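A quick write-up on the structure given underneath.
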Amino acid sequence: MAEADLLTRARAGDGDAFQELTGPHRRELHVHCYRMLGSLQDAEDALQDTLLSAWQGLAGFEGRASLRTWLYRIATNRCLNVRRSAARRAPGDWNVPGVEPPEPTRLGEVVWLQPYPDDLLDDAEPGPEARYEQTESISLAFVTALQVLPARQLAVLVLRDVLGFHADEVAGMLDTTVSSVTSALKRARASLAVRRPRDGAQPVDDAFVARFVTAYEAGDLDSVVALLTDDVVVSMPPMPFEYVGRQSAADFCASIFGAGRRFDLVPAQANGQLAFGTYLRGAGAPRPGVGLLVLEVDGGRISAMTRFDSTVLPWFGLPPQLGVASSRTA
């Protein structure tokens, strides 16, 4: 009855009623747009477009599906339009002064990837047909793998396997048939299995964190490399350079540490994974923030290190620079 009353008021032009009606769904819709687009900024734009379209089209909501399902339909189609029509962020140039990087193993495809603050994650329970836990379905590796799927396959996989909508609900959202949804899901699962073989982010204990922080802040190459898996991947969107394998990663870290760059690390949480704001030490204070480092841990070792530039630090409540006080108390 409360929702029906809010709906009646919103249809009559009551903006506060609309805000109250859609408010419980906004956070999960934002996460959905992020999974679809891989970019926090694009997700924010898509969410705003979704809410505007919902406000303008509220008279056409007939109630045959739930309001939540109707909002997901709008959001999904807005994201599909972005993927089809927008020019994604162009690859960035190497921008670390005084460092000559080794030749990369390969060039990454998803240079528009951005991290997602854990503080923005929703607590919505997935539907009964969901196949992924939230921590896995928001991890950087999973979101990256989603980005290279064809747009329709991506939408079907997220709606069915991540959110747990029924096949007939997904068909209605995408204006297609159940058989088409089933076929797209089968192809998407096969593609994802090749690109995303791991089980997702794993819990990290305090001792592991301390070992990594001590080694990285000291520029202790051997100790950092000892924490890596044999098939570790180092990447740095929007720069396309990727270093695959322990030796390649070691060569990259050697170029950073060998140039005399030393960092203080400030803990954060991104994509359900361990993350650190990185601050460059110099002759004096302040120490500027130079990026965000996100780690994926598998079997007690680091399987992926993803570095983002300093523009993302405010998203995680991290300062643009540190003063003379120790980074442990900053």
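Before moving on, here are some points about what is shown:
- Expected 222 nm ellipticity per residue - DSSP helices of 4 or more, -39500 (n - 2.57), all of the chain, to 500: -14000 deg cm²/dmol
- Per-residue packing, averaged as other Cβ atoms within 10 Å, sorts the ranges 210-222, 157-169, 243-255 into the order 157-169, 243-255, 210-222, beginning with the highest.
- Rh by Kirkwood over Cα pairs, then Stokes-Einstein D for region 206-322 at 1.567 mPa s and 4 °C, µm²/s: 91 µm²/s
- Using a cutoff of 8 angstrom between alpha carbon atoms and counting only pairs six or more residues apart, the relative contact order for the chain works out to 16 percent.
- Rounded to whole Hz, the Karplus (6.51, -1.76, 1.60) HN-Hα couplings of region 247-256, x for glycine and proline: 5, 5, 5, 4, 4, 5, 4, 4, 5, 6
- Net charge of Cβ neighbours under 11 Å - reference residue 71; Lys, Arg +1; Asp, Glu -1: +3
- The modelled label-to-label distance for the pair residue 231/residue 148, using points 7 Å beyond Cα in the direction of Cβ, is 1.3 nm.
- DSSP bridge analysis restricted to the chain gives an antiparallel fraction near 90%, rounded to the nearest 5.
- A viscosity of 1.306 mPa s and a temperature of 10 °C, combined with the Kirkwood radius over C-alpha pairs in the Stokes-Einstein formula, give the chain a diffusion coefficient of 74 µm²/s.
- Peptides 102-113, 130-141, ordered by how many other C-beta atoms sit within 10 Å of their residues on average, highest first, read 130-141, 102-113.
- Total formal charge among the other residues, if their Cβ is under 11 angstrom from that of residue 121, Lys/Arg +1 and Asp/Glu -1: -4
Every number in this text was worked out from the coordinates using simple rules, so none of it is lab data. None of these values were measured; they are calculated from a predicted model. Methodologically, a virtual Cβ is constructed for each residue, glycine included, from the backbone with ideal geometry; neighbour enumeration extends over all protein chains shown.
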